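Engineer: Got a structure here, written out as structure tokens. Questions coming.
The values are calculated or read from the model by the stated rules, or taken from the named source; none is laboratory data. Just so we're clear, the structure is a prediction, and the values are computed from it rather than from any experiment. Note that each Cβ is placed from the backbone with ideal geometry, even for glycine, and that neighbours are counted across all protein chains shown. Remember, those area values only see protein heavy atoms, side chains included, never the ligands or the DNA or RNA. Shrake-Rupley method; radii C 1.70, N 1.55, O 1.52, S 1.80 Å.
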Amino acid sequence: MTRVVAWNIRAGGGVRVGAIAANLAAWGADVAALCEFRATPPSRALAEALADQGLTHQVTTADPRRPALNRLLVASRWPLRRLRLASTPQPRANWLPVRVESPAPFTLASLHIPIAAFAGQSRFAFHAAVLRIAGHWRRGPALIAGDTNTGRIDIDEEAPTFGKEADAWMADMERAGWRDAFRALHGNERAYTWYSPNAGNGFRLDQAFVNRALLPRVAAVRYEWGRVPGSGANHRRDAVSDHAALLLDLSG
């Protein structure tokens, strides 16, 4: 069994990196795909902590020249090979496709799609680029996972937020043969991975889309909130990150 954990760690982790590493260890991550990883000292310390846990193979889009920018990290027990695809969503630093050379290899494309526009273009241009890649995929078992800031109308929101474009992209990914892994196993069950700080409404912003070749290997999918070690029952939901982590188990 291979456990993939996709998690937005919030602003590079900061003073929370010890707790982030502890949670990833407790969850038994074999592959960690982290959003909002940075080239800052806390993020670098987190990468070292993951290497100490056996996730020694690491690929990142973080840029030491601009260390405060939110980027991506994939860390794995098995060798990783970064893929160069024919097309790449822009900005490319928010998209990280790698081949995971596990006993049953697969491709993982980590992504982060903030709500804020990318240099003048909307996030829906990024959505469209991902959909084109998904529709032409010919590289075997694969998943696309991360913080998409997107969801289905009503089912993924406690208050109206997602528009028709967001809802259509989720539906189009499924029509292209990429199932939302959580929905594939849990149907219309409600689950929220981020809560608005003002109104407190919940939204499911974090997903893993699995293609037809990998779907039969999906054994379990769930969301977990990070916990500060030793906090017991009196823990704050967002003490480690404002996003829940997605835990996906693959057989083989």
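Engineer: Determine the per residue accessible area of the chain with all protein chains present and a 1.4 angstrom probe, expressed in square angstrom. Mind showing how you got there, number by number?
Structural biologist: Values: 10820 Å² over 252 residues.
Normalised by residue count, the accessible surface of the chain is 43 Å².
Engineer: Next question, about the same structure. How much net charge surrounds residue 8 when only other residues with a Cβ under 11 Å from its Cβ are counted (Lys, Arg +1; Asp, Glu -1)? Provide the component values of the computation, followed by the final result.
Structural biologist: On the way: positive: 10; negative: 36, 147, 206, 242.
So the surrounding residues net to -3.
Engineer: Can you tell me the dipole magnitude for segment 41-171 around its Cα centre, using point charges on the Cβ only (Lys, Arg +1; Asp, Glu -1), in Debye to the nearest 20? Please list the in-between numbers first.
Structural biologist: Values: 16 positive and 11 negative charges, 167 e Å.
With Lys and Arg at +1 and Asp and Glu at -1, about 800 debye.
Engineer: Also, quick follow-up: What is the spin-label model distance, in nm, from residue 51 to residue 158 if the labels are put 7 Å beyond Cα along the C-beta direction?
Structural biologist: That separation, rounded to one decimal, is 4.0 nm.
Engineer: Skipping prolines and chain starts, which residues have an amide H placed within reach, meaning under 5 Å, of the one on residue 142, given they are 5 or more residues away or on another chain?
Structural biologist: 107, 211, 213, 214
Engineer: Moving on. Hey, rough spin-label estimate for residue 65 and residue 136, points 7 angstrom out along Cα→Cβ, what's it come to in nanometres?
Structural biologist: Taking the simple label geometry, residue 65 and residue 136 are separated by 2.8 nm.
Engineer: Taking the structure as given and computing semi-axes √(5λ) of the Cα gyration tensor in Å, which label from [x] 35, 22, 14; [y] 24, 22, 19; [z] 27, 20, 19 fits?
Structural biologist: This structure yields the entry labelled [y].
Engineer: Could you give me the ³J(HN,Hα) list for segment 39-45, computed from phi with Karplus coefficients 6.51, -1.76, 1.60 and θ = phi - 60°, whole Hz, x at Gly and Pro?
Structural biologist: 9, 8, x, x, 5, 5, 5
Engineer: Return, ordered by residue number, the residues of segment 1-32 whose backbone nitrogen is under 18 Å from a label point located 7 Å along Cα→Cβ of residue 239.
Structural biologist: Residues passing the 18 Å test: 9-10, 13-27.
Engineer: Moving on to the next point. Distance between the C-alpha centers of segment 203-252 and segment 126-195? Whole Å please.
Structural biologist: A separation of 15 Å, based on Cα centres.
Engineer: Among 241, 201, 214, whose Cα sits farthest toward the positive end of the charge dipole of segment 193-252 (+1 at Cβ of Lys/Arg, -1 at Cβ of Asp/Glu, about the Cα centre)?
Structural biologist: It is 214, whose Cα lies furthest towards the positive end.
Engineer: Mind listing the phi-derived Karplus ³J(HN,Hα) values for segment 19-24, rounded to whole Hz, using 6.51, -1.76 and 1.60 with θ = phi - 60°, and x for any glycine or proline?
Structural biologist: Listing the rounded values in order: 5, 4, 4, 5, 5, 4 Hz.
Engineer: Also: At a 1.4 Å probe radius, carbon and sulfur cover how many percent of the accessible area of the chain? Working shown, then result.
Structural biologist: Values: 5590 of 10820 Å².
Result for the chain: 52 percent of the exposed heavy-atom area is carbon or sulfur.
Engineer: With the dipole of the chain worked out from charges on the C-beta (+1 for Lys and Arg, -1 for Asp and Glu) around the Cα centre, which of 229, 27, 177 lies farthest toward the positive end?
Structural biologist: 177
Engineer: Classify segment 1-97 as rounded, prolate or oblate from the Cα gyration tensor: take a ≥ b ≥ c as the square roots of its eigenvalues, call it rounded if a/c is under 1.5, otherwise prolate when a/b beats b/c and oblate if not. Before the final figure, lay out each step's value.
Structural biologist: Values: a/c = 1.89, a/b = 1.16, b/c = 1.63.
Because a/c hits 1.5 or more and a/b fails to exceed b/c, segment 1-97 counts as oblate.
Engineer: If you wrap a convex hull around the Cα atoms of segment 131-252, how much volume per residue is inside, in Å³?
Structural biologist: Values: hull volume 14.7 nm³, N = 122.
Taking only Cα atoms, segment 131-252 has a hull volume of 120 Å³ per residue.
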